[in-house]
Amino acid sequence: NAGVTQTPKFQVLKTGQSMTLQCAQDMNHNSMYWYRQDPGMGLRLIYYSASEGTTDKGEVPNGYNVSRLNKREFSLRLESAAPSQTSVYFCASSENLGQATLAKNIQYFGAGTRLSVL
Amino acid sequence: DAKTTQPTSMDCAEGRAANLPCNHSTISGNEYVYWYRQIHSQGPQYIIHGLKNNETNEMASLIITEDRKSSTLILPHATLRDTAVYYCIVRPFNTNAGKSTFGDGTTLTVKP
């Protein structure tokens with residue numbers, strides 16, 4: 001049981017290049033999230049997917065696209081990287097239960113992808 | 001999600017209890033209080049959550065005031081490994097949307 005796995009761990013891009021950050025979870029969770037964390041700051045939500053087949057914008061979606069490929073995988077794409085996107089990116093997942101039961105809604109995070117855009 | 005307010009930083013002596021406060025005066029009746037921590041450069045880690053009763057697990061205790069407008073995370077015997085950023089978040093339990101907001105948290109430094 002690996003939890004939430006992110007690849008790659010490190011990446012350096014040149015301005016204008018594109019790349020996709022991969023995230024996979026093996027906990028059968030419904031919801032998945034992408035956050036970015038700039039130095040000395042808290043996490044900001046980029047996009048989330050409440051369930052397979054749905055995605056929604058978070059606080060800072062501009063410059064990013066996401067794909068919920070299946071229940072396990074949620075990818076984040078930078079189409080044209082900019083220096084302002086230099087950050088640490090975290091993927092998370094959680095199981096949301098219905099109103100019939102108390103939702104724990106605990107998020108489990110990956111180890112992060114450290115991205116530098118030159 | 002309700003907004004939370006936490007002190008920017010706190011110090012604690014090793015072996016003593018660390019008490020981390022959080023204000024959430026606009027919390028709604030269906031919102032839980034969650035605590036996470038982030039040890040340097042790692043992904044955040046869940047600690048504990050509660051609705052209105054005090055909660056305890058192997059990591060910490062959570063004390064929620066009767067009016068639910070504030071809470072305190074207690075690490076009973078802080079160690080150097082507890083040095084981290086601690087985040088307090090409030091979030092509804094019927095979370096079909098599932099999104100949440102992390103603030104800047106409290107940086108706890110445990111000193112020898």
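Buried between B and A is an accessible area of approximately 2000 Å², summed over both sides with a 1.4 Å probe. For the protein assembly as shown, the number of Lys pairs with C-alpha atoms closer than 25 Å, counting only pairs eight or more positions apart or on separate chains, is 19. Which one of A:N30, A:N65, A:N105 has the biggest mean-square fluctuation once chain A is modelled by GNM with Cα springs under 10 Å? Maximum among the listed residues: A:N105. Computing FRET efficiency as 1/(1 + (r/R0)^6) for A:S116 and B:K52, where r is the C-beta to C-beta distance and R0 is 45 Å, gives about 0.50. Among B:Y36, B:Y87, B:Y46, the largest mean-square fluctuation in a Gaussian network model of chain B, built with springs joining Cα atoms closer than 10 Å, belongs to B:Y46. Peptide B:41-51 has a mean of 5 when you count, residue by residue, the C-beta atoms of other protein chains within 10 Å of its C-beta.
For the range A:15-112, the solvent-accessible area of protein heavy atoms averages 43 Å² per residue (probe radius 1.4 Å; ligands and nucleic acids excluded). Over chain B, the reciprocal of the mean inverse Cα-Cα separation, the Kirkwood hydrodynamic radius, stands at 14.1 Å. Excluding ligands, DNA and RNA, the accessible surface per residue across chain B is 50 Å² with a 1.4 Å probe.
With a 10 Å cut-off around each Cβ of A:46-59, the average count of Cβ atoms from other chains is 2.
To put it simply, the accessible area of chain A at a 1.4 Å probe is 51 percent carbon and sulfur. Surface composition of chain B: carbon plus sulfur atoms hold 48% of the accessible area, using a 1.4 angstrom probe and ignoring ligands, DNA and RNA.
What per residue convex hull volume, in Å³, comes out for the protein assembly as shown when only alpha-carbon positions are used? Intermediate results must be reported in sequence, preceding the final value.
Values: hull volume 28.1 nm³, N = 230.
Given the Cα convex hull of the protein assembly as shown, per-residue volume reads 122 Å³.
The residues of the range A:1-44 occluded by other protein chains by 20 Å² or more of accessible area, set against the chain on its own, are A:Y33, A:Y35, A:Q37, A:G42, A:L43; surface from heavy atoms, 1.4 Å probe. The residues neighbouring A:Q25, those whose beta-carbon lies less than 14 Å from its own, together hold a net charge of -1 under the Lys/Arg +1, Asp/Glu -1 convention. Ligands, DNA and RNA excluded, the heavy atoms of A:M41 present near 90 Å² of accessible surface to a 1.4 Å solvent probe.
If I take every Cα pair under 8 Å that is 6 or more residues apart in chain A, average their sequence separation and divide by the length, what percent do I get for the relative contact order? Before the final figure, lay out the partial values.
On the way: 307 pairs, mean separation 40.6, N = 118.
Relative contact order here is 34 percent.
Across all directions, the average flat footprint of the convex hull enclosing the Cα atoms of chain A is 7.3 nm². With both labels modelled 7 Å from their Cα along Cα-to-Cβ, the A:I106 to A:K14 distance reads 4.6 nm. With K and R counted +1 and D and E -1, the other residues having a Cβ less than 11 Å from that of A:Q37 yield a net charge of +1. With pairing defined as another cysteine C-beta under 4.7 Å, the cysteines of chain B that fail it are B:C12.
The values are calculated or read from the model by the stated rules, or taken from the named source; none is laboratory data. Quick caveat, the model's predicted, so the values are computed rather than measured. Cβ sites come from the backbone with ideal geometry, for glycine too, and all protein chains shown count toward neighbours. We work out accessible area using only protein heavy atoms, side chains counted, and drop any ligands, DNA or RNA first. Shrake-Rupley method; radii C 1.70, N 1.55, O 1.52, S 1.80 Å.
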